1. Among the residues of region 67-110, what is the count of those that are β-branched (Val, Ile, Thr) and farther than 15 Å from TYR52 by Cα?
2. Quick check on LYS79: is it touching a residue at least 24 places away in the same chain (Cβ under 8 Å) and not acidic (Asp, Glu)?
3. Six or more apart or on different chains, Cβ atoms under 8 Å: show the pairs whose first residue is in region 46-75 and closer than 11 Å to CYS88 by Cα and without any contact (Cβ under 8 Å) to a residue 40 or more places away in the chain and whose second is polar (S, T, N, Q) and surrounded by 12 or more Cβ atoms within 10 Å (Cβ to Cβ).
4. GLU110 passes all but one of (1) in contact (Cβ under 8 Å) with a residue 40 or more places away in the chain; (2) over 18 Å from ILE56 (Cα atoms); which number fails?
5. What are the residue pairs meeting all of these: first residue in region 1-28, first residue surrounded by 20 or more Cβ atoms within 10 Å (Cβ to Cβ), second residue of a type in the set (Val, Ile, Thr) and part of a loop (DSSP other than H, G, I, E, B), Cβ atoms under 8 Å, and 6 or more apart or on different chains?
6. Kindly evaluate ASN98 against the criterion of being surrounded by fewer than 12 Cβ atoms within 10 Å (Cβ to Cβ), at positive phi and at pLDDT 95 or above.
7. Filter region 43-70 for residues that are out of contact with any helix residue (DSSP H, G or I) (no Cβ under 6 Å at 6 or more places or on another chain) and among the aliphatic types (A, V, I, L, M); which is modelled with the lowest pLDDT?
Amino acid sequence: MENKFIFLSTCSTCKKIINVLGIENKSFLQDVKHKILSKNQLDFLYNYTKSYEALINKRGLVYKKLKQDGLIMNEKKFKELLEKKYSCVKRPILIWNNKVYIGNSRSTVEMMNSVING
């Protein structure tokens, strides 16, 4: 899988992490607002996590609204959500040398920094 840093350009946390990593304007940046996850990327991430639910941004308004409405979610519905709603993708996601780093915790960002910058 091609190296990618998947983020949302309107997410202030993603912007901060991009600055911390020093990867502004790098060719491997992918803004999901303008280029949603491809089928290959989604399949690759699923094979890594073994769960579409693990790729869902549960802090987002779309997910909270679905939960509030009482919609029962399963893996099929999580996949459909990821295919249709860019804001539902958990972020950021780093795919680097066929390894995956998901989320914005301090330890995850430190691992991202070490793999990108050595």
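The values are calculated or read from the model by the stated rules, or taken from the named source; none is laboratory data. Small disclaimer: the values here were computed from a predicted structure and weren't measured. FYI the Cβ positions are ideal-geometry reconstructions off the backbone, even for glycines, and counts take in every protein chain you see.
1. First, the residues of region 67-110 that are β-branched (Val, Ile, Thr): 72, 89, 93, 95, 100, 102, 108-109.
Next, only the ones that are farther than 15 Å from TYR52 by Cα stay: 95, 108-109.
Final tally of qualifying residues: 3.
2. yes
3. The qualifying pairs are ASN57/SER87; GLY60/SER87; LEU61/SER87; VAL62/SER87; TYR63/ASN57.
4. Only one criterion in (1) in contact (Cβ under 8 Å) with a residue 40 or more places away in the chain; (2) over 18 Å from ILE56 (Cα atoms) is unmet by GLU110, namely (1).
5. Here the result reads PHE5/ILE23; ILE6/VAL32; PHE7/VAL32; LEU8/VAL32, each pair linking region 1-28 to a residue that is of a type in the set (Val, Ile, Thr) and part of a loop (DSSP other than H, G, I, E, B).
6. Against the criterion (surrounded by fewer than 12 Cβ atoms within 10 Å (Cβ to Cβ), at positive phi and at pLDDT 95 or above), ASN98 qualifies.
7. Out of the qualifying residues, it is LEU66.
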